[in-house]
Amino acid sequence: MEEEGLVLKALGQAYNVLLPSGEVVTASLKGQMRQKNVSTTNPVVVGDKVVIHHFPPDYTISEVKQRRNYIIRVSKKLSKQFQIIAANIDQVFILVTISHPKTHNTFVDRILTTAEAYHIKAQLIFNKVDLYDKDELAEMEERMEVYDTIGYDCMSVSLLDNKSAPALEKLCKGKVTLLCGMSGTGKSTFINQLIPGTNRKTGLISTAHKKGIHMTTFSEMIPLPVGGFIIDTPGIQEFGIADITKYELSQYFRDLNHFRANCKFNSCMHINEPGCAVIKAVEEGEIALSRYESYLSMFHNEASEEKKY
């Protein structure tokens, strides 16, 4: 028997798959599929639409349907390979914290750049406002202004109370939403707000390293009571951009892209070229220095010379 299903959870070599009947079954991969896509560490990911074969009592995934989009990063353990975090996404929410732990701009910008490259809407959720002092609140407002100015929706919340739940529920209704953030930024608390009774474990912050402790170990797609899904991911301490070349990188920075057509040379990389409109905009304060520094970091350390995937 053959039918299509939706991958809800990846458990190593096994996958929880939602069937059209509403039943969730555990399926394994057909042998040759394991080597079909050698450039990624995971041939099947959460959010994939797959073809399932049922040979009682076993379920086997024989095909992954064409992906509409996906979020991908460099696999840190296998740096020559990529890891697809999730597929077929409507929007990505990046949870940002000014402290407890601190989310750096470069982390946010790497995810935004990847979302831009794969045409996925992104929004920033600044969490834990109840914990910030005066200086931290000022930093949050400044960072929100930077992203709001270039067209990214931002909101500030304290997920420990339920005041933001109706607004978040409205944003997620009927959509597939990927939650991204470092460990300890509040992903599990976010889900507990939207799905009462879920009671996902929430982690403490390591006092030694000021970083969150991983509570989610596998990516999982969770149905929402109002319709749609939330994709919860293990906390990501580092996010390396994957398969974006040096020549196209600036296209995925909205603020840089706005000025690059005015550069003297069409091949301008916005590093030290004469007549660079992007560098001029940075010097005149029209592009935030933090954004340009993120661009330089990605350009020199991560962007490739050519496409690999």
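The values are calculated or read from the model by the stated rules, or taken from the named source; none is laboratory data. Remember, it's a predicted structure, so these values are computed and weren't measured experimentally. Cβ sites come from the backbone with ideal geometry, for glycine too, and all protein chains shown count toward neighbours. Remember, those area values only see protein heavy atoms, side chains included, never the ligands or the DNA or RNA. Shrake-Rupley method; radii C 1.70, N 1.55, O 1.52, S 1.80 Å.
Numbers below:
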quantity: MRE, 222 nm, helices only [DSSP H, n ≥ 4, -39500 (n - 2.57), over the chain, to nearest 500]; calculated: -7000 deg cm²/dmol
quantity: Extension reserve of the residue 137-residue 4 stretch, reckoned as 0.36 nm per residue once the Cα distance is removed; calculated: 43.1 nm
quantity: Cβ-Cβ FRET estimate between residue 297 and residue 21, R0 fixed at 51 Å, reported to 0.05; calculated: 0.60
quantity: Label point distance in nm, residue 55-residue 246, each placed 7 Å from Cα along Cα→Cβ; calculated: 5.0 nm
quantity: Student exercise, the chain dipole from Lys, Arg, Asp, Glu Cβ charges, in Debye to nearest 20; calculated: 800 debye
quantity: Under the Karplus curve 6.51 cos²θ - 1.76 cosθ + 1.60, θ = phi - 60°, whole-Hz ³J(HN,Hα) for region 63-73, x wherever Gly or Pro sits; calculated: 7, 9, 5, 4, 7, 6, 6, 6, 10, 10, 9
quantity: Calculated FRET efficiency for the pair residue 262/residue 173, C-beta based, R₀ 30 Å, to 0.05; calculated: 0.15
quantity: Calculated P(r) tail over 33 Å for the chain, as whole % of Cα pairs; calculated: 29 percent
quantity: Accessible-area value, residue 26, 1.4 Å probe, nucleic acids and ligands omitted, Å²; calculated: 80 Å²
quantity: Label-to-label distance, nm, for residues given as residue 41 and residue 119 (7 Å Cα→Cβ offset); calculated: 2.9 nm
quantity: Accessible solvent surface per residue of region 38-181, calculated while the other protein chains remain in place, 1.4 angstrom probe, Å²; calculated: 45 Å²
quantity: Cβ-based net charge around residue 275, under 12 Å, with every Lys or Arg adding one and every Asp or Glu removing one; calculated: +2
quantity: Mean separation of Cα contacts under 8 Å (6+ apart) over length of the chain, as relative contact order %; calculated: 15 percent
quantity: Accessible surface of the chain, 1.4 Å probe, proportion on carbon and sulfur as whole %; calculated: 51 percent
quantity: Fully extended contour minus Cα-Cα distance, from residue 66 to residue 90, at 0.36 nm per residue; calculated: 7.1 nm
quantity: Chain lengthening between residue 198 and residue 102 when straightened (0.36 nm per residue, less Cα-Cα); calculated: 31.9 nm
